[in-house]
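Working notes, structure below.
The values are calculated or read from the model by the stated rules, or taken from the named source; none is laboratory data. Everything numeric in this text was worked out from a predicted model, so none of it was measured. Because the Cβ atoms are built from the backbone with ideal geometry, glycine has one as well, and the counts that use them run over all protein chains shown.
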Amino acid sequence: MTRRPPRRPSRLPTAHRARSTREHASRQPPASPPLTRQCEVEVAPGLEEFARAELMTRFGRHATVQESTKPGNLPFTYTGELSELLTLRTAGSVYVVRRFPIPRPLALLGHQHLTALLGVIREVLDLHRSAAFQTFRISAAGEGSPVFDRLRNEIAAQTGLAASPEAGDLLLRVRRPSDGDGFEVSVRLSPRPLSARPWRVCDLPGALNASVARVMVGLTRPSPDDVFLNVVCGSGTLMAERLDSAPAREVIGADIDPEALRCARANLEAAGYGGIARLERWDAGQIPLPDASVTSLCGDLPFGHLVGSHRLNEELYPRVLAETARIAVSGARLVLLTSEARLCERALADHADRWSQERTIRFQMDNINLRAYVLVRKGNRQTS
């Protein structure tokens, strides 16, 4: 018997194929709208404007900053990837916030609310490698009560994390919202505050907070052509943040303490800048650099508490202002941080012919009142 050749499938006309493709696409379910989350940035009280500016610059319409009712807290709605919030540099910590319409924390133990809370926790855990979180802590009014003991037991059983009374990798804050309706739970997105940079392998008493250092660096208006000098560089925080923010022609750190220089070198190497940054054992009041050779400067001056003394600062501050004025080009920006406001302002008054005060930023860190002075070098010959 003769076999008939198999029939080839008929080809649809091009226009018909295109129409069929469009009809198929139109039957696909519409893409889900991006999830909107309530989040919160925690900063040193007084530095909210810089965290707000970074959120708006980095995330645009994806982050809508709201009015804050508490100093140091910046609430915002966010429609992007949570992992991107971990790259913020002026934030101390970032939290995702879940609100629960409940009369008291006991209701968090109910199946519906506990499931929702565990979902938020797992979302945060999934942002990191598996071993990043080992412990957790609940911060709340009445956190030692039987209700919170039960909540800790449930979280431990469901996540495998160990409850810690003092410090935990995963931090949960349970509190009433500003309008007093229900309760909200804030879960920190990182095992440690974002200001605790991973490159910090060496610490010193009174070491500068990295998020504050990032604000100070930003106030110098970094440029790739900068010759940047960090006077009294300590453990190198300002240098690392300057190099992380933008390229520079040269970044120099000066400190008279060899232990500080050793610590700074270790941190800069851990940050990947060991071969770029230059460290020198120099007295901040006698810097062997040419006149008008530096374009931007920062200094975290001794407060006289953990480091130095008020008597030593009375001698140091005027010397720093005089020497930095000598080596700074016209228009160079100098940002100085101190808690010795009266002493610094007296010294600035004595050097008003060389430095103009652009602004003074008042903020708090660890219950210490601090001021960052943004200074601009007045007329001075510039290097070619």
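For this structure, a couple of remarks:
- From the options R265, R242, residue that is under 18 Å from N209 (Cβ atoms), basic (K, R) and either free of Cβ contacts under 8 Å to residues at least 60 places away in the same chain or in the same structural domain as R221 (by TED's automatic domain parsing) (or both): R242
- Of all residues in the range 144-184, those satisfying the criterion of being under 28 Å from S68 (Cβ atoms) and either surrounded by 18 or more Cβ atoms within 10 Å (Cβ to Cβ) or outside the structural domain of F100 (by TED's automatic domain parsing) (or both) are F148, L151, G168, D169, L170, L171, L172, R173, V174, F183, E184.
- Being assigned to a helix (DSSP H, G or I), surrounded by fewer than 13 Cβ atoms within 10 Å (Cβ to Cβ) and of a type outside the set (A, V, I, L, M, F, W, C) is a property that S130 lacks.
- Figure legend. Inter-residue proximity from the range 351-367: first residues assigned by TED's automatic domain parsing to the domain that holds A325 and hydroxyl-bearing (S, T, Y), second residues outside any loop (DSSP other than H, G, I, E, B) and modelled with pLDDT of 95 or more, beta-carbon distance below 7 Å, spacing 6+ or different chains. Indicated pairs: S356/L375; S356/V376; T360/R371; T360/Y373.
- Odd one out for A254 among (1) among the hydrophobic types (A, V, I, L, M, F, W, C); (2) touching a residue at least 40 places away in the same chain (Cβ under 8 Å); (3) crowded, with 18+ Cβ neighbours inside 10 Å: (2)
- Among the residues making up the range 226-243, those that are among the β-branched types (V, I, T) and over 18 Å from G272 (Cα atoms) are V227, V231, V232.
- Some residue of the range 148-166 being modelled with pLDDT of 95 or more, within 30 Å of D300 (Cβ to Cβ) and part of a loop (DSSP other than H, G, I, E, B): no
- When the residues of the range 219-238 are filtered to those that are touching a residue at least 40 places away in the same chain (Cβ under 8 Å) and either in contact with a Phe, Trp or Tyr (Cβ under 7 Å, 6 or more places away or on another chain) or among the polar types (S, T, N, Q) (or both), the one that is surrounded by the fewest Cβ atoms within 10 Å (Cβ to Cβ) is S223.
- Considering residues of the range 65-93 that are of a type in the set (S, T, Y) and loosely packed, with under 15 Cβ neighbours inside 10 Å only, the residue farthest from A213 (Cα to Cα): T79
- For beta carbons closer than 6 Å, sequence separation of 6+ or different chains, a first residue in the range 68-86 that is closer than 26 Å to A132 by Cα and assigned to a loop (DSSP other than H, G, I, E, B) and a second that is of a type in the set (S, T, Y) and modelled with pLDDT under 95, the qualifying pairs are T79/T36.
- Scope the range 221-258; condition polar (S, T, N, Q) and under 19 Å from C202 (Cβ atoms); matching residues: N230, S235, T237
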